[in-house]
Amino acid sequence: MAQDPLHVLWVEPNFPGRLGAVADWLVRRRGYRSWFYCHTADPRASWPQSVGSGLDVQIFGVGGVARESAVSWSRTLERSLCYSYGCWEVLEQRRPRPIDLIVGRSADLGSALFTPVYWPAAPVVNFLDYFYHAHRHDLAAEAPPETAPAYFHWRRSMVAINLLDLEQATLGWTPTHWQRDLFPAEYHDRFMVLHDGIDTRRFARSSWHASRCGPRLIAGRVIPDETRVVSFVARSLDRLRGFERFLTVANALLRARSDVLCVVVGDPIVRRGLDVDFHNRDYPAHLLARQSPADPDRLWFLGPVAPGVVAEVLAASDLHMAPSRPYPVARSVLEAMSAGCVVLASLTEPHREVVAPGQTGLLVDCQDPGTLARQALAVLADPAEYRPLGDAASALVRQHYAQDVCLPRLADKFTALAATNGEGP
Amino acid sequence: MNVLFIHDAFPAQFGRLGLELTRRNGWRCSFLVQSLSSCPTPSPEMLETLEVHRLPMAAEHRLSDGVPWPQIYGHFLEQCRTVHDALLAKPSLRPDLIVAHGGRGAPTLFLPEVVDCPIIIYCEYYFANSHRDISYRIDLPPAEPARFFPRCINAPTLATLVDCNAGYSATLWQKLSFPRRFQGKIEVHFDGIETELYHPGPAARQAGATAIPAGTRVVTFVSRGLESIRGFDLFMKVAQRIARARSDVIFVVAGGEEIHYGWDKLHTGSPSFKQWVLSQDSYDLTRFVFLGRVLPKQLADLLRISDLHIYLTAPFVLSWSVLDAMASGCVVLAADVPPVREVIEPGLNGLLEPLFDVERLTETALLVLDDPAEFAPLGLTARRTIEEKYCLDTCIPPLSDFFERVATRDAAR
């Protein structure tokens, strides 16, 4: 019999990862008892507040191929199984109980696959972000003809852990319909489409966006009212998120307007293996070696910063740019919308799902830098004209994507699932 | 039509099928295989009629036996790459349809990179977490990987199933082993038993080098490997009891000592499940003839002199041997499990008893051996069952139609 509040086992390769904030909310707001099993954890400064007060973090080790720094394309599932086995071993040692529900996220690495070996009675919810297609989406559609066949072999082989997770799961969970539709049609009815929620308190509509009244602060520096701030935020400054597109446009904006300040947030090292050319390399350094910034003093690189700094940047932004390739909508896009930014994003299916062009943001074909730059200049020339887009975006996020909207629905779903004892949604 | 069959071995599952499609339909059938089987070997007619291309498979990739379970998907991907490269190197093949088999996933994952024809997967089986196949024999000592293996072994199968145009299973039970969401993609088509080879009639009373006197009852047991999933240990227990009850019975066992499925090596600590079983009791081995693996002709001769064929499989893919036995007119005593129930209606074309009930199996076996003539009608009906539902002439036309339908339907897409 499920207990209320629930006892939930969360499993993800890294903490807090994607699920940490969800677990934290459910512990704080619904009284859940949670164990979060992970292989690595970010510094404690970025841990959510409920750790130690209902949310316990447990590290598990991995062995075999998972310990190698690079894994060949044919051994990716083997690596996932190492994560899953490592998690199971520590579960057997620590024996958390009772467990009403297991929530896992493989994030291409694996982890939760063997949790039912330890605790078979609980329903399993698997959070799934992405399903690879050999020649579509992210960077694949732009792969040049000389691309090694192994690249496409790798993409085709990456489906395995997702398919196993889906088969094991009582319920698949994904944030957007676009992401759901990436998966084979046979699985669509197995998904719950529900965003994991934006922290609309942290990313509240700023006073700058409400009334264009300062003061604006970014990383301790005051931004004058007459300065136009253009923001770009990504976990990694990579091609997937269109950083090279942004840099080209930023240079055009810096040349065209002396009042523009471009602020870039994100790790310069490319972390996603999807970009095989630049993986683990400093992509901005590569670009800047070939294309000097028009004015380095007005192009700020803040690096990977705490969420509070991201909130500062977005609160001060006059234009937020997201020229991403087709890939799941960046969390920062929704955070920017929540903060009331005018968002200029690439015209892609995932962006279409969250941005209504001309109403809650602007979508343009980013393959043409000229189009992107012209639209950006138009916004910067007359921020007041575009302000309604930012206001509507903020309202949209509060209504549909806020944690306080999404996570109560998630809690209801979890309660219903736990009551089924794993017999299906 | 130009069909390319992909399989580990030749002729195996597809050799005879390719020959029939060439003979009956005039199709061009090519084969991409790792190896030529030694048991059975390809017939001269097959080698003359069919195009057989060997894969340049590295030695370590030829067999999946011995690959640690976490590496099976990687092994499968290497096979996929080899098949991809082989097709890239043979543009003249230009198939209209690819039909691929793989017990642990057909190696077709990368083929859309090199061909644009439809792909049909032979959907042999989807492993369960528990209650069937290798997870069924919980009466044996537990094996550590058994908890993890079933949760990842289906990865190759799923990856190819998602991408293929259609699939087919030999029996309904095999089709139903797959997740329900894929069952609409899978048709049921049995491959076809060679009834001209397996048929009732007189045969030399000989089992290998052993002559069998007239009046001696012959009990047969056949399995590719003598292993727990096929109930070899249970058969030996039944045989032991029959032998004690009747002195006129000889037990002829055909099958190798290899273990193809499950954890018998781990259950027993012995490389041979057969040897482990024999070491567990004092069997009178003068009453047994172990033939090892036999050629189809030898098997057909053996089945013709069988008074009782015992088939004690766990719920798993139905063995061809039980259908061969039925085609030969044998009285079959089998385990009462769902895949067997699909072909045997107890009391009509065979006998079914609970798998683990050695006493009941023995009692039923003794009833047959007491009066074979009384039970002979079961064997005749079994033969009729095969003729009506499972022989080549019955199975090839709908299978051929299925291939043609998919090739036509999906070529246009």
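Here the protein assembly as shown is treated with +1 on each Lys and Arg Cβ and -1 on each Asp and Glu Cβ, and its dipole about the Cα centre works out to around 1540 debye.
Straight Cα distances below 19 angstrom link B:K265 to the aspartates and glutamates B:D65, B:D133, B:D139, B:E144, B:E227, B:D233, B:E257, B:D281, with same-chain residues fewer than 8 positions distant left out.
Rg/Rh for chain B stands at 0.97; both radii use Cα atoms, and Rh follows the Kirkwood definition. Largest mean-square fluctuation among A:L171, A:L319, A:L287, in a Gaussian network model of chain A whose springs join Cα atoms under 10 Å apart, belongs to A:L287. Have a look at A:V193, B:C39, A:F183 and report the one farthest towards the positive end of the charge dipole of the protein assembly as shown, computed about the Cα centre with Cβ charges (Lys/Arg +1, Asp/Glu -1). The listed residue farthest towards the positive side: A:V193. Note on the protein assembly as shown: Cα-Cα pairs beyond 56 Å make up 22% of the total pair count. Considering only A:V65, A:V229, A:V264, the mean-square fluctuation computed in a Gaussian network model of chain A, springs between alpha carbons under 10 angstrom, is largest for A:V65. Inter-part distance, the stretch B:255-274 to the stretch A:173-242, computed on C-alpha centroids, equals 57 Å. Membrane-span-like helices in chain A, defined purely by DSSP H runs whose alpha carbon atoms cover 24 Å or more axially and whose average Kyte-Doolittle hydropathy reaches 1.6, do not occur. The ellipsoid that matches the Cα gyration tensor of the stretch B:135-183 has semi-axes, each √(5λ) in whole angstrom, of 26, 14, 7, with the longest given first. Annotation note: GluC sites (Glu not before Pro) in the stretch B:296-365 located in DSSP loop regions with a Cβ neighbour count of at most 16 within 10 Å are B:E342. The Rg/Rh ratio of chain A, with Rg taken over Cα atoms and Rh as the Kirkwood radius over Cα pairs, comes to 0.97. The modelled label-to-label distance between A:A395 and B:S43, using points 7 Å beyond Cα along the C-beta direction, is 7.9 nm. Among the listed pairs A:K413/B:K185; A:K413/B:K175; B:K175/B:K237; B:K185/B:K389, which are separated by more than 28 Å between their Cα atoms? Check vs 28 Å cut-off fails for A:K413/B:K185; A:K413/B:K175; B:K175/B:K237.
With all pairs of different C-alpha atoms in the average, the Kirkwood value for the hydrodynamic radius of the stretch B:206-390 is 16.3 Å. Only helical runs count toward this figure. For the protein assembly as shown, summing -39,500 (n - 2.57) over DSSP H runs of n ≥ 4 and dividing by all residues gives -10500 deg cm²/dmol at 222 nm. Distance between Cα centroids, the stretch B:203-228 to the stretch A:24-54: provide it in whole Å. Cα centres, the stretch B:203-228 to the stretch A:24-54: 67 Å.
Between the residues B:A376, A:A378, B:V331, the greatest Cα displacement towards the positive end of the dipole of the protein assembly as shown, with unit charges on the Cβ of Lys, Arg, Asp and Glu, is found for A:A378.
Computed over the stretch A:207-401, relative contact order equals 23 percent, with contacts defined as Cα pairs under 8 Å that lie 6+ residues apart. The alpha carbon centroids of the stretch B:9-40 and the stretch A:336-396 are separated by 60 Å. Against the longest principal axis of chain B, how steep is helix B:358-370, in degrees 0 to 90 to the nearest 10, with axes from Cα atoms? So the inclination is approximately 70 degrees. Counting only alpha carbon atoms, the long axis of helix B:232-245 and the longest principal axis of chain B meet at about 20°. Label sites at B:W69 and A:T147, each approximated as a point 7 angstrom past Cα along Cα to Cβ, lie 3.5 nm apart.
The magnitude of the dipole of the stretch A:207-401, with charges of +1 and -1 set on the Cβ of Lys/Arg and Asp/Glu and taken from the Cα centre, is near 220 debye. The longest stretch of chain A left intact once loop-based GluC sites (Glu not before Pro) with at most 14 other Cβ atoms within 10 Å are removed from consideration, loops following DSSP, is A:227-422. Candidate cross-link partners of B:K297 among the aspartates and glutamates, defined by an alpha-carbon separation under 12 Å and a same-chain spacing of 8 or more, comprise B:E194, B:E196, B:D324.
Restricting the calculation to Cα atoms, every distinct pair contributes to the Kirkwood radius of the stretch A:207-401, found to be 16.4 Å. Each of A:R212 and A:E68 was given a label point 7 Å from its Cα along the Cα-to-Cβ line. The distance between the two points is 5.9 nm.
Legend: translational diffusion of the stretch A:56-158 by Stokes-Einstein, Rh = Kirkwood radius over C-alpha pairs, 37 °C, 0.692 mPa s; D = 212 µm²/s.
Readers should treat all values here as calculations from the given coordinates under stated rules, not as data from a laboratory. Everything numeric here is computed off the predicted structure, so don't read it as measured data. Glycine gets a Cβ as well: all are built from the backbone with ideal geometry, and neighbour counts include every protein chain shown.
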